[in-house]
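The values are calculated or read from the model by the stated rules, or taken from the named source; none is laboratory data. Because the structure is predicted, anything quoted here is derived from the model rather than measured. Neighbour counts are summed over all protein chains in view; Cβ atoms, including those assigned to glycine, are modelled from backbone coordinates with ideal geometry. Surface areas here come from the heavy atoms of the whole protein model, side chains and all, with no ligands, DNA or RNA. Shrake-Rupley method; radii C 1.70, N 1.55, O 1.52, S 1.80 Å.
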Amino acid sequence: MSEKNREGKRTARERMRDERVAQEAKDARKKKLIVLGSVLAVLALGAGIGVVVQNGRSSSSTPKAAPAGAIGNKNLVIPDGPANAPSTLTVYEDPRCPACGAFEREFAPTVDQLQDQGKLFGNYHIVSFIDRHDSGKGSKNGANALACAQDSGYFRAYHDVLYRNQPDETVDSWKDKSKLIELAKQVPGLDSPTFEACVNTNKFGSWVSAVEEDFDKSGYSSTPTVLLNGKPIYPKNGNDEITPDNLVKWVNEANQGKQLGATGSASASPAPTSTAAETDPNQPPASPGS
């Protein structure tokens, strides 16, 4: 074979080799792009799912039914006393919470009196987180029973009875709904087939869950949380310990120069139908979450 032919064949082989190397490099780049595209798609999908999950966590539940007269965002707050009172007491409490029971047994007579004098409007957030920690049912059952009492117009009286008869936190007595129904006999007018059915069917169960969800997002982490016109006063207001006498003093100081609201006992009155803001545009702002 002549040198010319050998050179031509070598050149052809080299050209084919170079083309094969180039094609392999091209195929490798294409494969990398496909893999990268798949990874990005998965990441995008994951991010999308994360957004959906986060949105689901940040959205608030809307209860299927709320007790008559409930106020606030999605009607999660139970009011007590005159809505046009110049001061607002906001209370977050769990039916099974022993500290809440101690607070109510000491302060309920004073709070009731201040409300009946037209000085104070109560906003109650009935939470139920103790069940979650103790794997119980009494907090939720108690909260539902309080909603049932509100629906019938006897919230205050039943609320006071419930806390006066609160079982030990470690004993989930109110998992038995019949005990909550039995306590209603201490409130004239509340013991009825309507109240009994409301408790037994857990009529306001979704409302109870929504109130607890609202509490979880409120920034507060313990009960009782008590605020006067949005300012925490339990267990202290500044350097002063809360006592019944101090509570009266603080309310009177906050109300100085302001017109009092409606007076008279509201312990067995029909459920309120208007909010403080609707009644008095100068009403102090409600606390966070109320």
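Here are the numbers for this structure:
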{"quantity": "Matching option when the condition is at positive phi and open to solvent by less than 20 Å² (accessible area, probe 1.4 Å), among GLY118, GLY101", "calculated": "GLY118"}
{"quantity": "Of residues in segment 49-104 being of a type in the set (Gly, Ala, Ser) and modelled with pLDDT under 95, the one farthest from ALA149 (Cα to Cα)", "calculated": "GLY50"}
{"quantity": "Residue pairs meeting the criteria (Cβ under 7 Å; at least 6 apart or on separate chains; first within 21 Å of VAL248 (Cβ to Cβ), in segment 90-110; second modelled with pLDDT under 95 and open to solvent by less than 10 Å² (accessible area, probe 1.4 Å))", "calculated": "THR90/SER287"}
{"quantity": "Positions within segment 81-98 being in contact with a strand residue (DSSP E or B) (Cβ under 8 Å, 6 or more places away or on another chain) and open to solvent by 10 Å² or more (accessible area, probe 1.4 Å), in sequence order", "calculated": "GLY81, PRO82, ALA83, ASN84"}
{"quantity": "Options SER265, SER290; residue that is open to solvent by less than 40 Å² (accessible area, probe 1.4 Å), of a type outside the set (Phe, Trp, Tyr) and modelled with pLDDT under 95", "calculated": "SER290"}
{"quantity": "Given (1) surrounded by 16 or more Cβ atoms within 10 Å (Cβ to Cβ); (2) over 23 Å from the mean Cα position of the chain (by Cα), number of the condition VAL211 does not satisfy", "calculated": "(2)"}
{"quantity": "Residue list for segment 176-205, restricted to those being open to solvent by 40 Å² or more (accessible area, probe 1.4 Å) and within 21 Å of the chain's Cα centre (by Cα)", "calculated": "ASN202, LYS203"}
